[in-house]
Amino acid sequence: MSTEAKKQIIDVGDGAAIPRKSDRGLFTAWRIAFFGAIGTIAYLVWSRPDPYLNIIKFVPDGIAVTFQVTLGAILLAIVIGLITGLGRISKNRFFNGVASLYVEVIRGIPLLVQIFYIYYALGTIVKVPAILSAIIAMAVCYGAYMGEVVRAGIESIAKGQREAALSLGMNGRQTMIHVILPQAVKVILPPVGNEFIALLKDSSLVSIIAVADLLRRGREYASESFTYFETYTVIALIYLIITLFFSKIIGVMEERVSVNK
Amino acid sequence: MKALRTLTAVLALGLCFVSAAFAAPKAITVASDATWPPMEFVDANKKIVGFDIDFMTAVAKEAGLQVTFKNTAWDGIFAGVEAGQYDAIISSVTITPERQAKYDFTTPYVQIGQILVVPKAEKGTKIADLKGKKVGAQIGTTGAMEVKKVAGVELKTYDEVGLAFEDMAAGRIAGVVCDEPTAITYALQKKEYSSKFKIVGKSFTKEAYGIVVKKGNKELVAQLNKGIAAVQKKKIDAQLKKKWQLK
């Protein structure tokens, strides 16, 4: 496949489209969405400060919690994903079996149920703070998906690379660390970016265990002021802005990595 | 043939409307968040039961209404009546000035108050004694608003009050505030909790429940008020209070 053709492949993920190099020009979809959302919020606050400004003032600590949960979970999920991915391609039967079982079980259970389970069921044994158990639940769930991404990334590297490294006298471990993984990272990064954005949105589910994230702050405001429509409009726009912001960062990171493709 | 079928359909439909207008009692849908025992909850047969449900059924009977209940999450239950997804709410809704500004209420039908439930080891007797600790309540309830008023206490809101009690059983929060009848059910009557929790002090607010309808639906309010008056006159509400062990 030519370099040009490769650039045309766009990940269809569960989140905002990650901007590509080819999306140049003044009116890209990303810019319209991002500045449109910011402009809409600014206009609403300016035109009707009564509900809208109050909502904006009420939710910032919720945004901080959403960030904490998302970033904590993604870092942990990448570690779990790397281990799981290596396990899935391992020839060691035990390691492979454990990793495969983990992926199959976790992928088959809804995230909401997992969050509930980790918080309330495990809570009876070990007392974990809500926010930490939220991070663990999200990381355990997304670690399974990430494991599959890592596995696919490693398997996409041509066999010859491994054979060449081995014939140069590297052992299996060196081959993986110095030859296979650096190449796999390029392949893995775009889908990881997608997972990241999906995780950010799914972090709203943790409001079920009384973590005061963006969604719960919004719901608290709405349920006291009875301004449901207005509050959820603002919450949706804030989620959109955060998501688009991160999709841009991921886009830039991808460009960096793919410079010498 | 087709024309004939259409004609029959139109006739049947027309007949339905006519009969509905004249004969059958007016049918209304009433929303309830069935997570609030003993006022409204789902029993072992997956049926919504409780004092409010029995009371509403009695009121509807007196007022000549046909009532269907709809189990609805508390979070957004008011938005639903505003959007016309159901005609009324009976769900232990305290009449407050803020709510009255947005929705119409019937006459009050039960007097209750907020009360604090804590773990057995706790020495404090009011919310202010729990400074620096977390206190739970169901989101958007008067209980949550009471906790919020106390400076230095962190309010944790839950989708259902049962989850707050579960969190207290796990030792994550130091107290739960909710309506007295519900507190009694969870703290004293539930086997898993009665050895762990106690109710402290007396109820510290004076509140009354009302049935909620959409703002401006005067006709339904009048009809329901008539039903409530009849139920109270016949002392049916006293019997129901006894049945559901309310004070």
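Restricted to strands (runs of 3 or more DSSP E) entirely inside segment B:48-167, those with at least 2 residues that are within 14 Å of chain A (Cβ to nearest Cβ) are B:134-138, B:154-158. Of everything in segment A:212-227 that's more than 9 Å from chain B (Cβ to nearest Cβ) and either over 19 Å from the mean Cα position of the chain (by Cα) or in a helix (DSSP H, G or I) (or both), which residue is surrounded by the fewest Cβ atoms within 10 Å (Cβ to Cβ)? Applying the filter and picking the extreme gives A:Thr227. Condition (residue is within 14 Å of chain B (Cβ to nearest Cβ) and either open to solvent by 50 Å² or more (accessible area, probe 1.4 Å) or not in a helix (DSSP H, G or I) (or both)) applied to segment A:134-142: is it met by at least one residue? Checked segment A:134-142: no residue is within 14 Å of chain B (Cβ to nearest Cβ) and either open to solvent by 50 Å² or more (accessible area, probe 1.4 Å) or not in a helix (DSSP H, G or I) (or both). Each residue in segment A:90-106 was checked for being open to solvent by 50 Å² or more (accessible area, probe 1.4 Å) and more than 14 Å from A:Ala144 (Cβ to Cβ), and 5 of them qualify. Total residues in segment A:188-209 satisfying the condition of being surrounded by fewer than 24 Cβ atoms within 10 Å (Cβ to Cβ) and within 12 Å of chain B (Cβ to nearest Cβ): the figure is 2.
All conditions but one from (1) open to solvent by 60 Å² or more (accessible area, probe 1.4 Å); (2) farther than 17 Å from A:Ala73 by Cβ apply to A:Phe116; the one that does not is (2).
The values are calculated or read from the model by the stated rules, or taken from the named source; none is laboratory data. Remember, predicted model here, so these are calculated numbers, not experimental data. Note that each Cβ is placed from the backbone with ideal geometry, even for glycine, and that neighbours are counted across all protein chains shown. In case anyone asks, the SASA skips ligands and DNA or RNA and just uses the protein heavy atoms, side chains included. Shrake-Rupley method; radii C 1.70, N 1.55, O 1.52, S 1.80 Å.
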